[in-house]
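Presented below is the structure to which this report refers.
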Amino acid sequence: MYKKIKKKCLASASGRFNDYFKKKTSHSNINIEKIIGIHVNVIEGCNSRCLTCEFWKIPIKTLDYNKFKEAIDFSYKLIANDKEVYITFVGSGEPLLNKNICELINYSNSLGLNSSIVTNSLILSKKKLKNLIKSGITFINLSLESNNPIINDKIRGIKGHHTRVIKNIENFEQLQSQEKTKCGLGIMTVVTSYNLDNLVNLVKWVNEKKIIRNINLSAINTVFGDQNSILLKNNTKHNHLWPKNSKIIEKVYDELIKLKIQNFKILNSIDSLQNQKEFFLNPEKFNNNRFQNIQCNVENKITINTDGTINLCPSIQDNPIKIHENTFFYNKKIIQKLQHDILKCKFQNCHIKLNCR
Ligand code: SF4
Ligand code: SF4
């Protein structure tokens, strides 16, 4: 019987794999028994048409309930029982397209794990929202690129997306009191050339909405699903997304940092906002200098892929750990080798590393 982990505060459960990074540390600190986060890719494929992503171009594949259960049971054995542990339901696409999503949440809830989800809202009806809350989800993140419907819907590629998000915020507000849930609500925004100069307005709008707990900003550095877009600035197909006006970049990020200091509900740290600003101003310099001084700690996190395999790094699909039917293939040496590889990772322009909080 699994020992229940005490539910902890939700600050770290409110995003994707946030808080991935730490200052450089000795490799002797590695300890695979201390997993503090699980990231579950419940779906491949999407129902949106975002300019920032091409996952909607790939065929739909879903994570099967039994494979999820095997992978989560395996991961659970490695979890730190003295730290916050959280599970994030995301995907290379829209997680609500996985019809078993509430069962997956329910199972992780039965293990005592905090859980969060990131959704584009498109198929999030009031009934589905109620089911998510009833299944025990502890934080729901809605993607929203701007409080201006024209800017938002342009980036999302779906007319009416902004309206859907606003409706879901209203539904959440009603359900929160009806269901007496402690579930929180957040906004996730990808910063591009299209919404940069409206970001301050968006943050002020979020701040006024009592029901929204926070907003998390990620700087675009690649178009998901397009392997050729790693250096977005130099990519002819997608560089329309790249903010080019350095005066606007400086002005907006300086204002965001001021708002953060004034305790506006921005989840990113001041360091993170500063990193995003420097990255947009000069990505090559940022990659060569500042990037070298931070190190990801994905060795303390686990990613469960849509086929039920496990990786430590969610960005690089190398050496997935396979879990065979009924027998857990837990080879500590393999896992520790992967942990060492992560600590030596020189991959530049990593989306996770850039957007850590
Ligand atoms: S950004 Fe999210 S919602 Fe948009 S296409 Fe990609 S996976 Fe779908
Ligand atoms: S690609 Fe490298 S830096 Fe990025 S999350 Fe993976 S191991 Fe960490």
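Values quoted throughout were computed directly from the atomic coordinates according to the rules given, and no laboratory measurement underlies them. Since the model is a prediction, treat every value here as computed from it, not as a measurement. Cβ sites come from the backbone with ideal geometry, for glycine too, and all protein chains shown count toward neighbours.
Counting 0.36 nm for each residue step from Gln292 to Asp226 and taking away their Cα separation leaves a gain of 21.3 nm. Output the pairs from Lys99/Lys167; Lys57/Lys301; Lys209/Lys265 with a Cα-Cα distance over 20 Å in this structure; if there are none, say none. Distance filter (> 20 Å) returns Lys99/Lys167; Lys57/Lys301.
Amide H contacts of Glu54 (H built 1.01 Å from N, in plane; Pro and chain starts excluded): Phe224, Gly225, Asp226 sit under 5 Å, all sequence-distant by 5 or more or on other chains.
Derived scalar couplings between HN and Hα for the stretch 146-156 equal 6, 7, 8, x, 5, 5, 4, 5, 5, 5, 6 Hz in order, rounded to whole Hz, by the Karplus curve 6.51 cos²θ - 1.76 cosθ + 1.60 (θ = phi - 60°), x for Gly and Pro. Ordered by the count of other Cβ atoms within 10 Å of each Cβ, fewest first, Ser146, Ser92, Ser110, Ser115 give Ser110, Ser92, Ser146, Ser115. Sorting Phe264, Phe172 by the number of Cβ atoms found within 10 Å of their own Cβ, with the fewest placed first, yields Phe264, Phe172. The aspartates and glutamates within cross-link reach of Lys67, meaning a Cα-to-Cα straight distance under 18 Å and a gap of 8 or more places when in the same chain, are Glu44, Glu103, Asp307, Glu325. Here's the list of aspartates and glutamates a cross-link from Lys237 could span, going by alpha-carbon distance under 15 Å and ignoring same-chain residues fewer than 8 apart: Glu54, Asp226. In this simple spin-label approximation, Lys210 and Lys346 carry label points 7 Å from Cα along the Cα→Cβ vector, and these lie 5.5 nm apart. In straight-distance terms, cross-link reach from Lys346 covers every one of the aspartates and glutamates whose alpha-carbon lies under 18 Å from its own, apart from those fewer than eight places away in the same chain; here that gives Glu284, Glu299, Asp318. Residues whose amide H comes within less than 5 Å of that of Ile35, counting only those at least five positions distant or on another chain, are Ile79, Ala80 (H built at 1.01 Å from N in the peptide plane). With the simple model of a label 7 Å out from the Cα in the direction of the Cβ, Lys337 to Gln262 spans 5.4 nm. Near the amide H of Gly91, within less than 5 Å, lie the amide hydrogens of Val42, all on another chain or at least 5 residues away, with H placed in the peptide plane.
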